[in-house]
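Scroll down for the structure; my scribbles are underneath it.
The values are calculated or read from the model by the stated rules, or taken from the named source; none is laboratory data. Predicted model only: the values in this text are computed from it and were never measured. Cβ placement follows ideal geometry from the backbone for every residue including glycine, while neighbour counts extend to all protein chains displayed. Heavy atoms of the whole protein, side chains included, go into the accessibility calculation; ligands, DNA and RNA do not. Shrake-Rupley method; radii C 1.70, N 1.55, O 1.52, S 1.80 Å.
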Amino acid sequence: MRERDVEKYLHTRITAIGGTTRKWTSPGHVRVPDRIVFLNGRVIFCEMKTDTGKLSVRQEREIETLRSHGADVRVISGQ
């Protein structure tokens, strides 16, 4: 399963239960998570991976930085 298919599946499932997602890009700041999920008053940052995909060191650092500021960050794979 390709990463874009994982993103599409996430969006479809979240929308079905009343939430929404947005693609996240941050010019000048690479390696931010792929999607932001809005669901039941919560904001969740999601990094999408294929079933064989792995986080890069830079992605791991970005996730830890966001978490250190209290953000809910999830890594979702296509398994």
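A few comments on the model shown:
- Environment charge of SER77, counting only residues whose C-beta is closer than 9 Å and scoring Lys/Arg +1, Asp/Glu -1: 0
- Residues whose amide H lies under 5 Å from that of ASP34, counting only those 5 or more places away or on a different chain, are CYS46, GLU47, MET48; hydrogens are built 1.01 Å from N in the peptide plane.
- Calculated FRET efficiency for the pair LEU66/TYR9, C-beta based, R₀ 22 Å, to 0.05: 0.45
- Solvent-accessible heavy-atom area per residue, rounded to whole Å², over the chain at 1.4 Å: 68 Å²
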